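The values are calculated or read from the model by the stated rules, or taken from the named source; none is laboratory data. Worth saying up front: this structure is predicted, and the values here are computed from it rather than measured. Note: ideal-geometry Cβ built from the backbone for every residue, glycine included; neighbour counts use all protein chains shown. SASA here: full protein model, heavy atoms, side chains in, ligands and nucleic acids out. Shrake-Rupley method; radii C 1.70, N 1.55, O 1.52, S 1.80 Å.
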Amino acid sequence: MSSVVRASAVRVSLSNLTPALGSLHNQKRVGRGQGSGYGGTSGRGHKGQKARSGNGKPKAGFEGGQTPITKRFPKKGFVNPNRKAYAAVNLDRIQHWIDQGRLHSSPQTPITARELLLSGCVHNVHDGIKLLGDGADFLKSAIHITPSRASKSAIKAVEAKGGSVLCQYYNSLALRDCVKGRTDHISASPTRRNDILWYTEWRNRGYLSPEAVEKIPHVSERWRELSRQLLAFKAQSFTKKPVTQTTE
């Protein structure tokens, strides 16, 4: 006959708190005599590398003194510290998401990385969104989108349907604010020469190009000032100091 043990309802206080069963163990005391089983050599055995004080293990990749394999093999190539890994999105996928009602866009509220991520159109924004032109034949809607980069075929296909593409620069912090929907931070501007030249060209639909500043309705005043400052070098003239040749 089974018996049911019911715990009495006792109010928990500091006086009746106890540790869980099996959560506490006695400290392992070594070097305190042979009777404990851990005396003498303290469980390390006699001599050898593993019996020494300290870690007792060589560093990873150590091969006993011979030249390790990481040094025997030749090295080729390099890792570009300025590399960018963009999340590619094709036009047919965006049209499929629009048909399902998962994406909406207008000139005032374009599609950004936040909408693409929350709708499941992309699973990771990586270093930004790049719009590609695959599936342009399936595009039926006029979409307005603000990616980090866009291909020429994608720009042509979107604008043929009455949409618009505006490529905006994002660093890691600005992209995180875009995904989280934060607008209380000032977005970073491009600092590398390649990025400045790319985002100030209208053929790339860069948001700092003079044409974008005039045509796009939701351009902020800060973008206008950045466009003016970053393109000032084209109107500047520099006088070169004449080189005088000395004859000995």
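Listed values, structure above:
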| read-out | value |
| --- | --- |
| Top-ranked residue in region 153-187 [being open to solvent by 30 Å² or more (accessible area, probe 1.4 Å), touching a helix residue (DSSP H, G or I) at 6+ places or on another chain (Cβ under 7 Å) and in a loop (DSSP other than H, G, I, E, B); ranked as farthest from Leu226 (Cα to Cα)] | Gly181 |
| Pairs, first closer than 17 Å to Tyr199 by Cβ in region 170-184, second open to solvent by less than 40 Å² (accessible area, probe 1.4 Å) and β-branched (Val, Ile, Thr), C-beta under 7 Å, six or more apart | Leu175/Val125; Cys178/Thr112 |
| So His126, is it at positive phi and open to solvent by 20 Å² or more (accessible area, probe 1.4 Å) | yes |
| Boolean, Thr191 is open to solvent by 70 Å² or more (accessible area, probe 1.4 Å) and β-branched (Val, Ile, Thr) | yes |
| Given (1) open to solvent by 90 Å² or more (accessible area, probe 1.4 Å); (2) of a type outside the set (Asp, Glu); (3) more than 28 Å from the chain's Cα centre (by Cα), number of the condition Ala232 does not satisfy | (1) |
| Every residue from region 99-122 that is open to solvent by 40 Å² or more (accessible area, probe 1.4 Å), more than 22 Å from Ser220 (Cα to Cα) and not in a loop (DSSP other than H, G, I, E, B) | Asp99, Leu117, Leu118 |
| Cβ-Cβ under 8 Å pairs, at least 6 apart or on other chains, region 229-248 side of a type outside the set (Phe, Trp, Tyr), far side at pLDDT 75 or above and surrounded by 10 or more Cβ atoms within 10 Å (Cβ to Cβ) | Leu230/Ser189; Leu230/Pro190; Leu230/Ile196; Leu230/Thr200; Leu230/Leu208; Leu231/Thr200; Leu231/Leu208; Leu231/Pro210 |
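Residues checked against (1) polar (S, T, N, Q); (2) closer than 23 Å to Ser105 by Cα:
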residue: Asp134; (1), (2): no, yes
residue: Asp195; (1), (2): no, no
residue: Ile216; (1), (2): no, yes
residue: Gln229; (1), (2): yes, no
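Residue-by-condition table, conditions (1) part of a loop (DSSP other than H, G, I, E, B); (2) at pLDDT 95 or above; (3) under 30 Å from Gly181 (Cβ atoms); (4) open to solvent by 60 Å² or more (accessible area, probe 1.4 Å):
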| residue | (1), (2), (3), (4) |
| --- | --- |
| Val10 | yes, no, no, yes |
| Leu17 | yes, no, no, yes |
| Gly22 | yes, no, no, no |
| Lys50 | no, no, no, yes |
| Gly56 | yes, no, no, no |
| Val79 | yes, no, no, yes |
| Ala87 | no, yes, yes, no |
